[in-house]
1. Pick out, from region 160-240, the strands (runs of 3 or more DSSP E) lying fully within it that include 2 or more residues that are over 22 Å from the mean Cα position of the chain (by Cα), at pLDDT 90 or above and surrounded by fewer than 18 Cβ atoms within 10 Å (Cβ to Cβ).
2. Can you tell which of 375, 362 is surrounded by 20 or more Cβ atoms within 10 Å (Cβ to Cβ), at pLDDT 95 or above and within 30 Å of residue 334 (Cα to Cα)?
3. For region 323-344, how many residues meet the condition of being in contact (Cβ under 8 Å) with a residue 12 or more places away in the chain, farther than 20 Å from residue 364 by Cβ, over 21 Å from the mean Cα position of the chain (by Cα) and not in a loop (DSSP other than H, G, I, E, B)?
4. Going through region 241-263 one residue at a time, which ones are surrounded by fewer than 20 Cβ atoms within 10 Å (Cβ to Cβ) and not in a strand (DSSP E or B)?
5. Taking the stated definitions as given, is residue 267 without any contact (Cβ under 8 Å) to a residue 40 or more places away in the chain, touching a helix residue (DSSP H, G or I) at 6+ places or on another chain (Cβ under 7 Å) and within 30 Å of residue 432 (Cβ to Cβ)?
6. Condition (residue is buried (at least 17 other Cβ atoms within 10 Å of the Cβ), at pLDDT below 95 and more than 15 Å from residue 49 (Cα to Cα)) applied to region 310-319: is it met by at least one residue?
7. Looking at region 79-90, can you tell me whether even one residue there is surrounded by fewer than 16 Cβ atoms within 10 Å (Cβ to Cβ), touching a residue at least 60 places away in the same chain (Cβ under 8 Å) and within 24 Å of residue 222 (Cα to Cα)?
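The values are calculated or read from the model by the stated rules, or taken from the named source; none is laboratory data. Since we're looking at a predicted model, the values are computed, not measured. Quick reminder, even Gly has a Cβ in these numbers, built from the backbone with ideal geometry, and neighbours come from all protein chains shown.
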């Protein structure tokens, strides 16, 4: 058997790694010059930086075993420190009750609580929107302060247009009561991913895991083709047979695993019904611009990252790479900050702006926050990533369903990952997709329904967490 894996992000490279472990010959194709996808690590100004903040956390024993198998002992536990920046004020996240009370002030805090209790008496009806889902759970006031602006920056649509499925995946068990309980009991016994306050991080950056997986593939007789975009997958009578590279070369395979963007894959398949193409063309990805700033100072602020909720700032998140593990900073006496901007590249001018204009915008906005005080900014670097986030626009599942149904009929083809399955995956979701796809292919079993991963993701065969000394039963 010979298998092609398209895309070397967490899902694709895990699939290749697990297939090779099981003795299957693999060709792994990656369009860029680095593996890891959104979880890659880059070298910049003699330091290592990620594509924004990428922490790894899972309760799934299978995923944790794979991660530890690759990381070995080359990781450290990082104490999470994140805050929300809102109108020149900082709120700890996860919630710290007294900090939130005093930062909001007694009047606003009282109004938030009244708004919350109002929802208990007369709930906002569920209309399928993110706005109503969160308002029902937290109250109108807390929604407007802690959810509305950030979510609309990220998705580029009103929270009334954003599907509640996004909230159901990301914060479905989180409630005001749970957040307060987390604050009062310092997170003891807490398993909610949004609130975990410590996570494992590789000493060479998040991308270290995927670089090592790719190297294992190379070392064991299979190929990793960098800078090699795949143009299309070919099917004949409902069965995947080959792929065409961008240079025109056609290569036959027994099985194809795709993590390329779902929209590209389906539009380039030869036998797709017109209704399926119409549906897939109604799905959209959000694009990201990251502006890295080199600041001539250390110990600027304590956060790993900050969520920027202020409506007067275009950026949505700031990552401080000095506050992860010291190894990635390479003893440099400077700090690299990553400022994230989200857009639609076909619609928004910011995607077309040149690097210098974007760097000046980032400089202006970081100064406005007061986070770096008078520290000198000595350099800037722009990194643009198309098709980062699948947009959960209200009703998106109606468009995704016929696409999913059609792809399930195709033999010898599996679609996985954030891009490939149009799922807003964390790393652990994508690792699990890659693992299960490889397991099924190698064992010749019927396909697991990979589409269900990150849809109902709370039941684990065995539950564990990664600690400083390895796996620990959860």
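1. Filter on region 160-240 gives 223-225, 230-236.
2. Sole residue among the options that is surrounded by 20 or more Cβ atoms within 10 Å (Cβ to Cβ), at pLDDT 95 or above and within 30 Å of residue 334 (Cα to Cα): 362.
3. Total meeting the criteria: 2.
4. Result: 246, 247, 248, 249, 254.
5. Answer is yes for this residue.
6. yes
7. No; the residues of region 79-90 include none that is surrounded by fewer than 16 Cβ atoms within 10 Å (Cβ to Cβ), touching a residue at least 60 places away in the same chain (Cβ under 8 Å) and within 24 Å of residue 222 (Cα to Cα).
Quick grid of which residues meet (1) more than 12 Å from residue 206 (Cβ to Cβ); (2) surrounded by fewer than 24 Cβ atoms within 10 Å (Cβ to Cβ); (3) modelled with pLDDT of 95 or more:
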site: 3; (1), (2), (3): yes, no, yes
site: 9; (1), (2), (3): no, no, yes
site: 12; (1), (2), (3): yes, no, yes
site: 15; (1), (2), (3): yes, no, yes
site: 27; (1), (2), (3): yes, yes, yes
site: 30; (1), (2), (3): yes, no, yes
site: 36; (1), (2), (3): no, no, yes
site: 41; (1), (2), (3): no, yes, yes
site: 47; (1), (2), (3): yes, yes, yes
